[in-house]
1. Hey, could you pull the Cα Rg and Dmax for segment 240-323, both in Å?
2. Let's test this: bin the Cα-Cα distances of segment 370-415 at 10 Å from zero up to the farthest pair and state each bin's percent.
3. Seen from all sides and averaged, what is the projected area of the convex hull of the Cα atoms in the chain, in nm²?
4. Run through all the Cα pairs of segment 328-418 and give the fraction in each 5 Å bin from 0, expressed as whole percent.
5. For each of 412, 196, 339, count neighbouring Cβ atoms within 10 Å of the residue's Cβ, then give the residues from fewest to most.
6. Over the chain, what is the percentage of antiparallel beta bridges among all DSSP beta bridges, to the nearest 5?
7. Shape of segment 66-182 from its Cα gyration tensor (a ≥ b ≥ c, root eigenvalues): rounded if a/c is under 1.5, otherwise prolate when a/b > b/c, or oblate?
8. Distance in nm between label sites at residue 295 and residue 131, each 7 Å beyond Cα in the beta-carbon direction?
Ligand SMILES: Cc1cc2nc3c(=O)[nH]c(=O)nc-3n(C[C@H](O)[C@H](O)[C@H](O)COP(=O)(O)O)c2cc1C
Ligand code: SF4
């Protein structure tokens, strides 16, 4: 089984330095592109590979790039940003790539920047990733010294500068337009779309924001072709995927596997199944802001379409497993506490609604829930749902709640009827 993204990542040794990365085939893709591939051909190659953005929404990366204005009349500077904010609870896949092989990300960023003819690239890094920050600083300098960054890269006439920017540790900064505001030194609130960042992004100029894992795929697509990339997958979405599992499984962790493996294979084979004494009750398949799936969904394929058809989202592909000894009300309360705390306060349903939801769930946990609270919670899942708030934070927060009300309703009712948490 090929694992292009992680084949040079070893948990027991430091990441490859520039020389070692080059010896392993690194920067060959950049050489290939700089020796005569046009930006349009690179965009088309990535579009044909069917690489879908790994930041959560799953949009075709090549198509996204193709929306950037090109040619002599295009506004400059243009920007390419690696979204390395990674604050979704349960998600740690980008960290594996950032700490495991920083040059792979840098090469992917230079290629993406070339495809849209960007002038400047930024890594927007989660504040808490101190080790990744140190590695990136060192690796960016190595890339400058080797002529992979700066003026006239490898004699191609293409110039690119790259900077590392560390965030302040807010979940909201991962939303791409809030990220742009944060990078401009403004309050991290989202922007209205349209205009989309491809047209008017950082400082009002054309900008692409891509996830770390998305960008790490690019060198491999350039080296091996679109058909090879599609062939790695068990589904119509191209490539491999960094899946992860946390919760009471025997071997929590992250694995690079073909896109479209089943949830059963991931949990039972790679994560070793549940710890003894625990049964699987529910799974958030793509981080905290996705809908619960249950035992009946174990055989679904983990790709964008199949997970959506089952009523959830692949999201980041890093799943949180909830066991039968965990109270679903307490579990969801914990998540809503996070989301309420991370709301940027820009729009009323989210700013007021999330703390209200959190308060109701806390009261239930303490045995102070009322019959009408179930209806109130249900009402919030609609009021804070898609189309009613300025960004996707609040609708995302409602996904675990609405699916918990659907699959674990009994637990909510028991809290109210017995005036206590049945798991205490
Ligand atoms: C509240 C919120 C937080 C987000 N956090 C991240 C993040 O940490 N990393 C990320 O890549 N995308 C995050 N996204 C998605 C980004 O807005 C954007 O879709 C993504 O970076 C695009 O990259 P892609 O096309 O490579 O998937 C977040 C979205 C929302 C609504
Ligand atoms: S939904 Fe929440 S996080 Fe998004 S803009 Fe509104 S208040 Fe801010």
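1. When restricted to Cα atoms, segment 240-323 yields Rg and Dmax of 11.1, 33 Å.
2. Each 10 Å bin holds this share of Cα pairs: 29, 49, 20, 2.
3. Values: hull surface 78.9 nm².
Value for the chain: 19.7 nm².
4. Calculated P(r), rounded to whole percents: 3, 16, 29, 26, 15, 8, 3, 0.
5. Numbers: 412 20, 196 16, 339 25.
In increasing order of surrounding Cβ atoms, one gets 196, 412, 339.
6. Values: 15 of 36 bridges.
Of the beta bridges lying entirely in the chain, close to 40 percent run antiparallel.
7. On the way: a/c = 2.31, a/b = 1.35, b/c = 1.71.
Verdict is oblate for segment 66-182.
8. So the two model labels end up 3.7 nm from each other.
Coordinate-derived values only; no laboratory data. The shown structure was predicted, so the numbers you read here are calculated from the model rather than taken from an experiment. Cβ coordinates were reconstructed from backbone atoms using ideal geometry, including for glycine residues, and neighbour counts include every protein chain displayed.
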